[in-house]
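Have a look at the structure below, then the notes.
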Amino acid sequence: MTDFPDITPAIRARAPDLRGRLQANAPLAPYSWFRVGGPAQALFSPADESDLAYFLSLLPVDMPVTTVGLGSNLIVRDGGVPGVVIRLGGKAFGAVEVLPGEKIRAGAAVPDMRLARAAAEAGIAGLEFYCGIPGSIGGALRMNAGAHGGETTDVLIEARGVDRAGRIRVFSHADMGFSYRHSQAPDDVIFTSALFQGRAGEAATIAAEMSRITAAREAAQPIREKTGGSTFANPKPQSAWKVIDAAGCRGLLRGDAEVSPMHCNFLINRGAATAADIEGLGEEVRRRVKEHSGVDLRWEIRRIGIP
Ligand SMILES: Cc1cc2nc3c(=O)[nH]c(=O)nc-3n(C[C@H](O)[C@H](O)[C@H](O)COP(=O)(O)OP(=O)(O)OC[C@H]3O[C@@H](n4cnc5c(N)ncnc54)[C@H](O)[C@@H]3O)c2cc1C
């Protein structure tokens with residue numbers, strides 16, 4: 001793998017008051033659950049929201065910008081990601097604040113599980129479903145993350161973010177345009193925080209529901225593997241795993257990439273897979289499913305960068 005030309009000196013020259021961390025050719029594999037893929041040409045971790053806004057306002061308009069969260073729904077391709085990759089760190093974007101009226105505000109870098117726990121401790125019900133989702137609030141807003149009968153759309157009041165021009169924007173629930181695993185908020189927006197509405201509940205009942213969700217997940221999903229979660233969106237009214245299973249893809253291999261024998265809508269890096277192995281396996285699954293049942297599977301996992 002060859003490195004990208006170093007663009008960080010030119011960026012620093014345009015934005016001399018930058019306070020966040022800017023690195024050239026930074027490996028991204030450690031930031032993705034699959035643990036594969038090439039570097040970011042430049043990786044920026046802003047010091048806070050105003051640093052992010054400053055950075056974006058001064059970045060050349062033709063510079064590609066890609067946002068990553070906790071990388072639990074992501075394949076970083078082997079050639080890496082040209083331009084700037086932005087990853088919000090927990091120090092600046094990791095606060096959780098319990099507010100009156102069963103509301104909670106969380107930074108975009110907060111893991112979904114931490115939000116669920118904070119809500120439980122405060123006796124706020126309705127956010128239990130987040131305890132099983134291994135992403136961040138930023139990823140949950142972009143993907144309308146959900147599970148076990150709850151979705152981000154059910155609990156979100158508003159989200160805050162910064163657009164490509166560096167403007168701070170606030171999106172009401174309606175502005176977010178949520179649908180199944182999707183938000184219509186403009187693609188360029190980097191979410192920085194969100195405000196959620198729960199309802200009054202009993203801490204013990206909430207904790208019991210979270211334990212039930214965790215146990216159900218451990219029994220049904222390969223959650224300790226290097227994976228990206230559900231690979232394809234359910235081709236409603238069918239389930240992705242059913243059409244994949246029917247096409248004989250359970251356990252299918254390409255290099256060290258595998259269709260999980262436990263849950264066949266999950267792809268797994270068994271150790272030495274490349275991003276090309278994983279994506280190629282996914283495409284092979286799509287081809288076989290199309291041939292077998294005529295269904296066009298749509299990737300739910302985001303794929304970024306160059307092959
Ligand atoms: C074992 C396992 C189980 C899973 N189970 C579920 C499940 O039950 N339900 C479910 O919905 N998902 C599930 N997922 C998928 C994943 O956890 C969710 O999609 C999650 O919301 C992704 O968040 P992330 O922070 O990891 O985002 P990433 O994977 O890093 O990125 C996903 C997308 O979000 C965007 N994004 C991330 N942060 C921001 C931000 N701050 N601003 C703007 N855009 C941003 C990225 O650009 C990208 O398009 C599972 C994944 C795994 C590995």
Checklist entry - Name the pairs: first residue in segment 66-94 and not assigned by TED's automatic domain parsing to the domain that holds Leu267, second residue in a loop (DSSP other than H, G, I, E, B) and aromatic (Phe, Trp, Tyr), Cβ to Cβ under 7 Å, at least 6 apart or on different chains? => result Gly71/Trp33; Ser72/Trp33; Ile75/Phe34; Gly80/Phe4; Pro82/Phe4
Checklist entry - Of all residues in segment 252-298, how many are part of a strand (DSSP E or B) and surrounded by fewer than 20 Cβ atoms within 10 Å (Cβ to Cβ)? => result 1
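Let's see how each residue does on (1) surrounded by fewer than 16 Cβ atoms within 10 Å (Cβ to Cβ); (2) more than 14 Å from the ligand (Cβ to nearest atom):
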{"residue": "Ala165", "(1), (2)": "yes, yes"}
{"residue": "Ile168", "(1), (2)": "yes, no"}
{"residue": "Phe178", "(1), (2)": "no, no"}
{"residue": "Asp188", "(1), (2)": "yes, no"}
{"residue": "Ala194", "(1), (2)": "no, no"}
{"residue": "Ala200", "(1), (2)": "yes, yes"}
{"residue": "Glu209", "(1), (2)": "no, yes"}
{"residue": "Glu218", "(1), (2)": "yes, no"}
{"residue": "Ala233", "(1), (2)": "no, no"}
Checklist entry - Which of the residues that make up segment 66-96 are among the small types (Gly, Ala, Ser) and in a strand (DSSP E or B)? => result Gly83
Next on the checklist: I want to confirm something. Restricting to segment 34-60 and keeping residues that are away from the ligand (no atom under 14 Å from the Cβ) and in a loop (DSSP other than H, G, I, E, B), which single residue is surrounded by the most Cβ atoms within 10 Å (Cβ to Cβ)?
Outcome noted: Gly38
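Identify all residues within segment 133-144 that are more than 6 Å from the ligand (Cβ to nearest atom) and crowded, with 24+ Cβ neighbours inside 10 Å; write none if there are none.
Filtering segment 133-144 for residues more than 6 Å from the ligand (Cβ to nearest atom) gives 137, 141, 144.
Correct list: Ile137, Leu141.
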Checklist entry - Quick check, is Ala29 touching a Phe, Trp or Tyr at 6+ places or on another chain (Cβ under 9 Å) and either surrounded by fewer than 17 Cβ atoms within 10 Å (Cβ to Cβ) or under 21 Å from Asp3 (Cβ atoms) (or both)? => result no
Next on the checklist: If Met63 meets every condition in (1) away from the ligand (no atom under 14 Å from the Cβ); (2) touching a helix residue (DSSP H, G or I) at 6+ places or on another chain (Cβ under 6 Å); (3) of a type in the set (A, V, I, L, M, F, W, C); (4) part of a loop (DSSP other than H, G, I, E, B) apart from one, which number is that one?
Outcome noted: (2)
Next on the checklist: Condition first: more than 10 Å from the ligand (Cβ to nearest atom) and touching a residue at least 40 places away in the same chain (Cβ under 8 Å). Can you find one or more residues in segment 145-155 that meet it?
Outcome noted: yes
Next on the checklist: When the residues of segment 97-110 are narrowed to those that are assigned to a strand (DSSP E or B), farther than 16 Å from Thr67 by Cβ and not charged (D, E, K, R), which ends up nearest to the ligand (Cβ to nearest atom)?
Outcome noted: Ala106
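The values are calculated or read from the model by the stated rules, or taken from the named source; none is laboratory data. These numbers come from a predicted model, not from an experiment. Cβ sites come from the backbone with ideal geometry, for glycine too, and all protein chains shown count toward neighbours.
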